[in-house]
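What follows is a set of notes on a single structure, which appears directly below.
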Amino acid sequence: MNKTSKIYLAGHRGLVGSAILKTLTCKGYSNIITRTHGELDLTDQEAVRAFFEAEKPEYVFLAAAKVGGIVANNTYRADFIYENLQIQNNVIHQSYVHGVKKLLFLGSTCIYPKNAPQPMKEDSLLTSELEYTNEPYAIAKIAGIKMCESYNLQYGTNFISVMPTNLYGPNDNFDLETSHVLPALMRKMHEAKEQNAPSVEIWGSGTPRREFLYSEDMADACVFVMEKVDFKDLYGSTCKEVRNTHINIGTGEDVSIKALAELIKKSVGFKGELVFNTQKPDGTLIKRTDPSKLHALGWKHNVELEEGVRRVYGWYVGQRQ
Ligand SMILES: NC(=O)C1=CN([C@@H]2O[C@H](COP(=O)(O)OP(=O)(O)OC[C@H]3O[C@@H](n4cnc5c(N)ncnc54)[C@H](OP(=O)(O)O)[C@@H]3O)[C@@H](O)[C@H]2O)C=CC1
Ligand SMILES: C[C@H]1O[C@H](OP(=O)(O)OP(=O)(O)OC[C@H]2O[C@@H](n3cnc4c(=O)[nH]c(N)nc43)[C@H](O)[C@@H]2O)[C@@H](O)[C@@H](O)C1=O
């Protein structure tokens with residue numbers, strides 16, 4: 001990928017996509033094409049075919065998807081599997097048809113079994129039952145991994161799948177019903193502080209553990225993989241059954257939801273109580289990635305959680321003014 005290569009960044013206004021756009025721009029990539037959801041609905045097969053025929057990108061970052069937290073995934077089960085399968089099938093297939101040199105597909109660590117040995121290695125995929133609350137979404141992501149791998153093996157494409165851990169950062173979704181835990185708690189505590197509310201509700205027991213990677217680190221990892229890693233680097237040339245060629249992207253460090261809430265409480269300056277509502281689902285009890293494959297390829301995260309929360313809160317407060 002050189003600085004004038006034609007790059008299509010799908011999902012450029014999202015949490016990850018906006019960070020990838022910033023990273024690519026800062027690194028001097030000058031030929032980046034984007035389309036908003038309104039301009040190009042990636043679930044529309046004919047529209048995606050026409051776009052690829054007209055634009056013929058050389059590189060594709062697939063950071064567009066239907067994304068949400070535990071309650072959204074558990075509620076809109078059909079939308080999460082349908083829309084993500086459609087987006088992936090259309091973009092991955094048209095990338096093959098139109099000779100895209102390299103595509104980066106973003107999956108998720110929820111592809112791993114709910115009781116996977118911790119920290120989770122890439123080889124844990126499909127070894128036992130998935131977490132119920134986000135199973136439809138996880139199945140779509142697993143299909144995306146298998147599609148990239150299968151096109152590479154049959155057609156010689158160079159489509160790489162990366163599995164991000166839980167992400168957070170500027171331009172995240174702060175809707176209290178559909179968002180992930182970190183932005184939800186940040187908004188709840190910010191508003192509680194402003195309104196002098198006595199307490200803030202935390203969903204679940206607070207005992208589940210999660211790993212969090214700052215979106216700008218995630219973007220840096222995506223550009224690193226696109227620049228430096230090819231499919232042929234991801235499996236042994238002698239192995240007969242090629243699988244698990246995806247790459248975890250995470251920090252390898254996790255915290256309990258309770259500890260996360262305390263950290264956000266301190267960063268926001270909220271003085272009230274944290275009330276745990278066990279009527280809400282906990283989801284997977286522990287979800288920590290083993291990032292050693294990515295470390296061996298030459299990349300490691302920079303931003304630790306406390307610093308990341310401080311940065312996002314600064315951005316969030318600026319957005320509300
Ligand atoms: N956030 C997280 O914690 C994690 C995210 N990931 C993965 O990373 C990737 C990016 O996620 P994230 O940035 O958080 O998601 P966001 O929801 O922030 O961004 C997704 C983007 O995709 C666009 N989009 C959604 N549906 C369509 C469609 N049908 N046609 C065109 N564009 C569409 C959205 O546009 P619009 O808003 O206008 O609909 C939005 O710009 C996804 O593949 C996600 O699964 C993986 C692990 C964790
Ligand atoms: C990112 C990845 O992982 C996602 O799954 P998840 O990690 O379980 O998603 P989550 O961030 O929404 O919840 C994490 C934990 O946090 C608790 N929790 C407390 N209070 C709030 C709260 O107010 N909101 C939310 N959303 N969660 C809360 C919540 O009960 C749960 O125990 C997939 O949906 C899928 O998107 C995926 O790929």
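Filtering Ser150, Ser161 for residues that are without any contact (Cβ under 8 Å) to a residue 12 or more places away in the chain and either open to solvent by 50 Å² or more (accessible area, probe 1.4 Å) or closer than 27 Å to Gln86 by Cα (or both) leaves a single hit, Ser150.
Inside region 52-80, residues that are within 13 Å of ligand 1 (Cβ to nearest atom), assigned to a helix (DSSP H, G or I) and open to solvent by 20 Å² or more (accessible area, probe 1.4 Å) make up a count of 2. Of the residues that make up region 23-35, is at least one within 17 Å of the chain's Cα centre (by Cα), more than 10 Å from ligand 1 (Cβ to nearest atom) and either of a type outside the set (A, V, I, L, M, F, W, C) or surrounded by fewer than 23 Cβ atoms within 10 Å (Cβ to Cβ) (or both)? Yes, because at least one residue in region 23-35 is within 17 Å of the chain's Cα centre (by Cα), more than 10 Å from ligand 1 (Cβ to nearest atom) and either of a type outside the set (A, V, I, L, M, F, W, C) or surrounded by fewer than 23 Cβ atoms within 10 Å (Cβ to Cβ) (or both). Scanning region 96-144 for residues that are outside any loop (DSSP other than H, G, I, E, B), within 12 Å of ligand 2 (Cβ to nearest atom) and among the basic types (Lys, Arg) turns up just one, Lys141. Taking region 187-221 as the range and being of a type in the set (A, V, I, L, M, F, W, C), more than 12 Å from ligand 2 (Cβ to nearest atom) and open to solvent by 10 Å² or more (accessible area, probe 1.4 Å) as the test, only Ala197 passes.
Filtering Thr251, Thr245 for residues that are within 15 Å of the chain's Cα centre (by Cα) and within 19 Å of Met163 (Cβ to Cβ) leaves a single hit, Thr251.
For region 90-138, residues that are charged (D, E, K, R) and either more than 22 Å from Phe80 (Cβ to Cβ) or open to solvent by less than 10 Å² (accessible area, probe 1.4 Å) (or both) total 5. Number of residues in region 165-186 that are more than 8 Å from ligand 2 (Cβ to nearest atom) and open to solvent by less than 30 Å² (accessible area, probe 1.4 Å) equals 7.
The single condition from (1) crowded, with 24+ Cβ neighbours inside 10 Å; (2) away from ligand 2 (no atom under 16 Å from the Cβ); (3) within 30 Å of Tyr313 (Cβ to Cβ) that Phe224 fails is (1).
The values are calculated or read from the model by the stated rules, or taken from the named source; none is laboratory data. Every value quoted in this text rests on a predicted model; they were computed, and no experiment measured them. Here the Cβ is made from the backbone with ideal geometry for all residues, glycine too, and neighbour counts use every protein chain on show. The protein model used for the area step is the full one, side chains on, heavy atoms only, and it has no ligands, DNA or RNA in it. Shrake-Rupley method; radii C 1.70, N 1.55, O 1.52, S 1.80 Å.
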